[in-house]
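Remarks on the structure that follows.
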Amino acid sequence: MQKNFLKTNRGWFLGLAVGVAAAVLFPQVVRVRFVWNLLTLILVWAIVGMGWNVIGGYCGQVSNGHSLFYGLGAYTVGLAAYKFKLSPWVSIWIGVLISMTVAFFVGKPLLRLKGHVFAISTMALSECARIIFINWKWGGGATGVYIFTKNANEWAFMQFKNPLNYYYLFLVFALAVLLLIKYLDKSKFFYYLRTIKGNETAAESVGIDTAAYKLRAYMLSAAIVSIGGSLYAQFILYIDPSMLMTLNVSMMIVLTAVMGGVGTVMGPILGAIALTTISEYTRVYLGRFGGLDMVLYGVLVIIIVLYCPGGIVSLLGRRLKFGARRGKA
Amino acid sequence: MDHILVIEQVTKRFGGLVANEDISFAVTTGEIVGVVGPNGAGKTTLFNLISGEFAPTQGTVVFCGTDITAMKAHVICQRGIGRTFQIPQSLDDMMVYENVLVGALCKRKNMEEALAHVDEVLALCGMTELKTVYAGKLNVPQKKRLEIARAMATDPKLLLLDETMAGLTATERKDAVSLIRKINATGVSILTIEHNMDVVMSVSNRVVVLVSGRVLLVGTPEEVTSHPDVIAAYLGGGANQDGQ
Ligand SMILES: Nc1ncnc2c1ncn2[C@@H]1O[C@H](COP(=O)(O)OP(=O)(O)OP(=O)(O)O)[C@@H](O)[C@H]1O
Ligand SMILES: [Mg+2]
């Protein structure tokens, strides 16, 4: 199976090698701080988008509240460093456990809800979480917490003076998540998720425990998004609820996957590149015109979603069969 | 002779509507049993009760000696009851082989094993040529065949077929009948709902006649066709031979 995974995907791995090489060299060529920043954010959103894609894309359960897990990942890392001087190398995984536990308990009741009801409930859920965190004095409340650890070893505490270190480290994380998703793409697990998305009655009739598989997908999704949140907190060394746990963040997570191509391996990565680039540039160049950046950003998103509902992957897929699952193994 | 399926005094009410009332009969291992009855007689409801789509209001369903009445649909499938749907429930965004694959994965963890099994099932069902066609592109007869293939891929001991031949031409029907016989020859017991009387009578060992949610009669095809009540209630009752 392992051998086959490499063999049957030779073309894909070749493409990946080229992509990674480009990702490594690009910031060396373009030595602009803003671009480095942008590239690092793209990686965070790629991870988060891939995470959402598991439950929203592959399994078809559109969660509009994934900022909850993003926030949990960020807060765990932040508070662990601030309160307990704990290295993020450890606390990232604590965050993953916390997110999966929360996903387990909220997923059980929520995943019974269908379609829009589920979407709205998850939205309400993350809003509740945000309000709880705002009122949580020990956790920093509404003002948040700076998590910079003084005199700490750069690598041990993941606090780099050179911004490119963040980029390269996050690249490794993103790559790991991508390989995991690629591996799962043709697995029993993901085929079951696609079946659930396609038709739950049919899924049950071929012996799929739909409730159990949805829950597993939700937990895996939460875990990956949590890692994204942890890395983001580590990058900006600051946490607060109105930055991490808003509806905006939830929407951005959904859009990353939707724009790139829902239920595809490469979709969230392409979506992250497009969306983060658009949003960072509109923020910088139009941000001072009070909200104009958001308007333009919204319009661009609508255009892309309207004219290419299959996401960017589907545009490329028509010509290159690039990462689109219709390209058959 | 042991019974693979025993239905005991099963009743299903939808609010005030009694879709199945006090139904009792059994399927012997290895048998093909036909289920006939006019539209709305409760045939599909009966299948839904057996396959765990919903639980009966009263009564029990026993499969291979185990009471499966309260079990969920996916558990019942894992235990060995496969089913097709009257309205095909294909996974339109997946290719034919992937539709069958999700069935094959029911009893298999390993992908290669499952894919090998898919090839066998597709060959059995005469769908090898359609392997990489998207299910959404299939016509209705092909979709009905895909329903059978997907159910067969789960390695059922008992197969429930809900009007798999409605809308087929005479030649297609012949193919379908031979497929059912082939499946039965591999040791799978079959319960099949069919409107076409010629088909039911030729393929079934025994026939259950349902009228208004009740069992009117259980018997061999000869007994059923010659029974005056059946002629009155069903054959003579304006029900056409091909169903809708
Ligand atoms: N889920 C449901 N909720 C409410 N009523 C239902 C439900 N399913 C079936 N019924 C009703 O139960 C009765 C029997 O329906 P059923 O589908 O079992 O008939 P059938 O014998 O399969 O008919 P047909 O030959 O048209 O397929 C009908 O009156 C139908 O409207
Ligand atoms: Mg019916």
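Given +1 at the Cβ of Lys and Arg, -1 at the Cβ of Asp and Glu and no other charges, the dipole of chain B around its Cα centre is 340 debye to the nearest 20.
Taking a 32 Å limit on the Cα-Cα distance, which of the listed pairs A:197/B:157; A:7/B:157; B:12/B:131 fall beyond it? Working shown, then result.
On the way: A:197/B:157 27 Å; A:7/B:157 37 Å; B:12/B:131 39 Å.
A:7/B:157; B:12/B:131, as the Cα separations exceed 32 Å there.
Can you tell me the dipole magnitude for region A:5-328 around its Cα centre, using point charges on the Cβ only (Lys, Arg +1; Asp, Glu -1), in Debye to the nearest 20?
680 debye
Which lysines have a Cα lying under 16 Å from the Cα of residue B:174, excluding residues fewer than 8 positions away in the same chain? Of all the lysines, those that pass the test against residue B:174 - Cα under 16 Å, at least 8 places apart if same chain - are B:144, B:182. With coordinates expressed along the principal axes, the C-alpha atoms belonging to chain B extend over 52, 39, 38 Å, beginning with the largest. Each stretch of four or more DSSP H residues adds -39500 (n - 2.57); spread over every residue of chain A, this sum gives -24000 deg cm²/dmol at 222 nm. Our summary of shape: the Cα atoms of region A:5-328 have principal axis extents of 57, 46, 42 Å, ordered from largest down, in whole angstrom.
If you take all other residues with their beta carbon under 9 Å from the beta carbon of residue B:83, and give Lys and Arg +1 and Asp and Glu -1, the sum is -3. Here the spin labels are modelled as points 7 Å beyond Cα on the Cα-Cβ line, and at residue A:306 and residue A:187 they lie 4.0 nm apart. Using R₀ = 45 Å, calculate the FRET efficiency as 1/(1 + (r/R₀)^6) where r is the Cβ-Cβ separation of residue A:286 and residue A:201; round to 0.05. After rounding to 0.05, the efficiency reads 0.40.
Taking the Cα centre as origin and putting +1 on Lys and Arg beta-carbons and -1 on Asp and Glu beta-carbons, what dipole magnitude results for the protein assembly as shown, to the nearest 20 debye?
Values: 51 positive and 36 negative charges, 510 e Å.
For this selection, approximately 2460 debye.
Summarising the label geometry, the points placed 7 Å from Cα in the beta-carbon direction at residue B:75 and residue B:231 lie 4.7 nm from one another. Say the dipole of chain A comes from +1 at the beta carbon of Lys and Arg and -1 at that of Asp and Glu; which of A:146, A:314, A:48 then lies farthest toward its positive end? Toward the positive end, the furthest listed residue is A:314. Okay, helix-only estimate at 222 nm for chain B: each DSSP H run of n ≥ 4 adds -39500 (n - 2.57), divide by all residues, round to 500 deg cm²/dmol; what do you get? Result for chain B: -10000 deg cm²/dmol, rounded to the nearest 500.
Region A:271-319 and region B:117-163 have Cα centres spaced 42 Å apart.
Taking a 30 Å limit on the Cα-Cα distance, which of the listed pairs A:114/A:186; A:182/B:72; A:83/A:108 fall beyond it? Exceeds cut-off: A:182/B:72; A:83/A:108. What the phi angles of region A:135-142 give under the Karplus curve with 6.51, -1.76 and 1.60, with θ = phi - 60°, is a coupling list of 8, 8, 4, 4, x, x, x, 6 Hz, glycine and proline written as x.
With the charge dipole of chain A set up from +1 on Lys and Arg Cβ and -1 on Asp and Glu Cβ about the Cα centre, the Cα lying farthest toward the positive end among the listed residues A:270, A:125, A:82 is that of A:270. Separation of region A:63-132 and region A:158-236, taken as the distance between their Cα centroids, equals 14 angstrom.
Read-outs throughout are calculated quantities, based only on the coordinates presented, and are distinct from any laboratory measurement. Predicted model only: the values in this text are computed from it and were never measured. We place every Cβ from the backbone using ideal geometry, glycine too, and count neighbours over all the protein chains shown.
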